[in-house]
1. Within the stretch A:33-44, track down each residue that is at the interface with another protein chain (Cβ under 9 Å from one of its Cβ atoms) and either outside any helix (DSSP H, G or I) or under 9 Å from the mean Cα position of the chain (by Cα) (or both).
2. Would you mention how many residues in the stretch B:25-56 are more than 16 Å from A:GLY17 (Cβ to Cβ), open to solvent by 100 Å² or more (accessible area, probe 1.4 Å) and in contact with a helix residue (DSSP H, G or I) (Cβ under 8 Å, 6 or more places away or on another chain)?
3. Is it true that B:ALA23 is part of a helix (DSSP H, G or I) and over 11 Å from the mean Cα position of the chain (by Cα)?
4. Report, by residue number, each residue of the stretch B:15-24 that is closer than 14 Å to A:VAL47 by Cβ and either charged (D, E, K, R) or surrounded by fewer than 21 Cβ atoms within 10 Å (Cβ to Cβ) (or both).
Protein chains: 2
Amino acid sequence: MAKKNSLETGQKVIIGGMFLSLAKTNTGIAKFILENASTHITRPADVKRIEPLLEELRQAMVSDTGEDNSV
Amino acid sequence: MAKKNSLETGQKVIIGGMFLSLAKTNTGIAKFILENASTHITRPADVKRIEPLLEELRQAMVSDTGEDNSV
């Protein structure tokens, strides 16, 4: 059981890392995360932990009209 | 530094958990994960760890024509 949980957590880290990496250059994904976070992330500890990240995504979207250094 | 890393890991777990939860009922997200995993998840240890999950998503998409018990 503990082994299964640790595998699942590892998978969440990998998938989460992929989406957060994609969100940096893909506004659509950033927007999707922002739109779904409030309904899907409800545990107070999680909400608190995720807030700085959501703020970062919001800022990135606002400044999206500026120059783009991505390849 | 360690504190920052642990915060980032925690955020990845939360975001990853959200997407994996969404993928169970949203074929579009399952498809997106499958399509992007091979290019974004390249560390051998990560590839190995994520493989059972990708297989699960593939199976879910194949059986997507069957009955749907989601609300």
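The values are calculated or read from the model by the stated rules, or taken from the named source; none is laboratory data. Note that the structure is a prediction, hence the values are computed from the model and not measured. All Cβ positions, even for glycine, are placed from backbone atoms using ideal geometry, and neighbour counts span all protein chains on display. Note: areas computed on protein heavy atoms with side chains; ligands, DNA, RNA excluded. Shrake-Rupley method; radii C 1.70, N 1.55, O 1.52, S 1.80 Å.
1. A:ILE33, A:ALA37, A:ILE41, A:ARG43
2. Result for the stretch B:25-56: 1.
3. Taking the combined requirement at face value, the residue does not satisfy it.
4. Our first condition is that a residue be closer than 14 Å to A:VAL47 by Cβ; within the stretch B:15-24, this holds for B:15, B:17-18.
Listed by number, the list holds a single entry, B:GLY17.
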